[in-house]
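First the structure, in the form of structure tokens, and then the observations on it.
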Amino acid sequence: MSIHSGLKTGKKSIMTKSLVKQVKELQKGSGFLCVDLGYGSIAGIKPINEDAVQAHIPDTQYALVNKGVSVVIADGVSSAEAGREASQYSVSTFIEEYFRTPDTWSVKQAGQKTLSAINLNLFKKSHAFTQQEKGFLCTFTGLVIKSRTAHFFHAGDSRLYLYRDGELSQLSRDHTVNIGGGNNILARAVGMDNMLQIDYGKSPIEQGDYLLLSTDGVHDFVNQERLLSTLGSGMTAQQMCDKLIETALSANSDDNISCAIVQINSLANESRDDLNAKLTRLPFPPELEPGMKLDGYKIDRELFASSRSQVYLVTDLQTGVQMVMKTPSINFQDDVHYIDRFIQEEWIGKRIKSSHVVNIITQNRERTCLYYLMEHVPGLSLDKWMQNNPLPTPKKAIGIVKQIAKALKAFHVTETIHQDLKPANIIIDDDMQVKVIDFGSVYVAGIAEIFIPLEHEGALGTASYSDPHYLQGKNTGVQGDIYALATITYELFTGHLPFGEKIEQCFSTHDFDKLRYIPASTHNPVIPIWFDRAL
């Protein structure tokens, strides 16, 4: 629940946005993590508030156990001019994206990948405004409390403290450089460089601990004695936050004033620090047959199978809803990189928001095998639809192209490249609604992964729609997806491929150089010259 409380000063009344989350019924006496949490942020004497603070406690036991509780604080760099936007974007996106990451990722892996993507996005925004000297920079301190461990991610001079048994210790370290005259400058910030240098740390926690996150508007003006007395006062977490903000104001803080406090009321019965390893070692599902049941899902039929994965239509026995289950191939059960890639598909799908991209279903019960679930999209794959509907009307064809373009845009705004767009990965229903359904070859910029070029399969399919640069091991990013879209557009309007089937026999740069584009009007004389040139 959200609570707004007014902080009174001698000159004006300032509203503090705070959140208090007390003991939940689902947590009581159940051996689950239980916390009291409060936070607040005000502009202080400044005209605008460039700080941001946000927190999230899951509403289900499953998410609480597998993802934990998260609290994030950020301080926009005022000299960068877009500090406010940077801090607000960083905290809200981290909270949103962290809880979308696969349960099989460790907290460290999930947090670092999420932050890397945030950092690259801010860096690109800053780079776009170089002439106006507008930078999207902020300090960042993110806390994830999972089971019996506090994990933190930190860059800049916001801080994380641990209060235990009357003693206060700073878990984070300030990334500042003394330039003389008592002046310090930031050495690190989110958005400062395209490669983020982030401190990751973890600390065991005990019942009765307090964790304090603060920006310099608090800890530069509230001395340790005041911090100790407030944290040891026995007040609620929210009352403590309000008290620290009032104390900073009274001490003539000249900055925005923000803090968050988490009180540990009870801990989980056992440590789950090795959750990632446990889940990653889950067995691959067996070869599934119609009628079999797995984790409460009944297998209806197999939709697709290849050497790399299987896709099944299943029914949730609790709700009766039909879904699609994707399982990894037993051929790769000893391939760690394949397993990580398969797990990542689920996370990537959850990040994409579009009515033209298949929806990944968030699961709220334990899995006994590796798989993930998607919405069931009835209809035909676009390649089969084109066989049944050769040379559709221009209105129908353009309608399909526009929807595919919208799907691609949803990928690209999250710095994600599809890399394997082809008719077989696109579903079209009876109402002419289009959805992209596959995430198996995507590339996400901003996270630590190696670009892996697509395999040349030697059959009409992937290679025919892929940018030749991909097939030769070069990543051309968005341009490669545009190439695939143009190829699909060409085929919709002509029933043929722009380079014919010879592209399937190309393996070297010399082979590709010998290819010649076949004008679309060769196959369909009604196509105007301007349209052909656009392709």
> Under the Karplus relation 6.51 cos²θ - 1.76 cosθ + 1.60, θ = phi - 60°, what is the ordered set of whole-Hz ³J(HN,Hα) values for region 510-526, x standing for Gly and Pro?
Replying inline: 4, 4, 5, 5, 7, 6, 10, 5, 8, x, 4, 5, 4, 8, 9, x, 7
> Which aspartates and glutamates have a Cα less than 15 Å from the Cα of Lys243, not counting those fewer than 8 places away in the same chain?
Replying inline: Glu225
> To the nearest 10 degrees, how steep is helix 83-98 against the longest Cα principal axis of the chain, on a 0 to 90 scale?
Replying inline: 70
> Percent relative contact order of the chain, based on C-alpha pairs within less than 8 angstrom and at least six residues apart?
Replying inline: 12
> If amide H atoms are built 1.01 Å from N in the plane of the peptide, which residues on other chains or at least 5 residues away come under 5 Å of the amide H of Val357?
Replying inline: Val436
> Can you list residues whose amide H is under 5 Å from Thr176's amide H, if they're 5+ apart or on another chain and H is modeled 1.01 Å from N?
Replying inline: Ala187
>> If a paramagnetic tag sat 7 Å from the Cα of Asp220 along the Cα-Cβ line, which residues of region 54-96 would have the backbone N under 11 Å from that point?
In response: 78
> Among Val144, Val413, Val190, Val444, which comes first, second and so on when ranked by fewest other beta-carbon atoms within 10 Å?
Replying inline: Val413, Val444, Val144, Val190
> So how far, in whole Å, is the C-alpha centre of region 80-152 from the one of region 201-251?
Replying inline: 24
> Ordered by packing density, taken as the mean number of other Cβ atoms within 10 Å over each peptide's residues, highest first, how do 352-362, 415-425, 192-202 rank?
Replying inline: 415-425, 352-362, 192-202
> Reachable aspartates and glutamates from Lys384, Cα under 15 Å, same-chain residues fewer than 8 places away excluded?
Replying inline: Asp429, Asp430, Glu491
> Leaving out same-chain residues fewer than 8 places away, which aspartates and glutamates sit with a Cα under 13 Å from that of Lys202?
Replying inline: Asp273
> What percent do you get for the relative contact order of region 282-375 when only Cα pairs under 8 Å and 6+ apart count?
Replying inline: 27
>> Let me spell out the model: positive unit charges on the Cβ of Lys and Arg, negative unit charges on the Cβ of Asp and Glu, origin at the Cα centre of the chain. What dipole size does that give, in debye rounded to 20?
In response: 860
>> Taking the Kirkwood radius as the inverse of the mean 1/r across Cα pairs, report the Rg/Rh of region 68-140.
In response: 1.04
>> Quick check on the exposure proxy: order Arg301, Arg351 from fewest to most C-beta atoms within 10 angstrom.
In response: Arg301, Arg351
>> Report the gain in length on full extension from Leu515 to Glu167: 0.36 nm times residue separation, minus Cα-Cα distance, nm rounded to one decimal.
In response: 118.0 nm
> So what is log10(I(q)/I(0)) for the chain at q = 0.08, 0.09, 0.11, 0.12 1/Å, when the Debye sum runs over its Cα atoms only?
Replying inline: -0.62, -0.76, -1.03, -1.14
> Using a simple charge model, +1 on the beta-carbon of Lys and Arg, -1 on the beta-carbon of Asp and Glu, nothing else, what dipole does region 231-362 show about its Cα centre, in debye to the nearest 20?
Replying inline: 360
> Once amide H atoms are placed 1.01 Å from N in the peptide plane, what residues at a sequence separation of 5 or more from Thr149, or on another chain, have their amide H within under 5 Å of its amide H?
Replying inline: Ile205
> Mean 1/r over all different Cα pairs, inverted: what Kirkwood radius does region 309-429 give, in Å?
Replying inline: 16.3
> Taking N as the number of residues in region 282-375, what value does Rg over Cα atoms divided by 2.2 N^0.38 Å take?
Replying inline: 1.05
>> I'd like the distance separating the alpha-carbon centroids of region 301-352 and region 468-523, in whole Å.
In response: 29
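Values quoted throughout were computed directly from the atomic coordinates according to the rules given, and no laboratory measurement underlies them. These numbers come from a predicted model, not from an experiment. Neighbour counts are summed over all protein chains in view; Cβ atoms, including those assigned to glycine, are modelled from backbone coordinates with ideal geometry.
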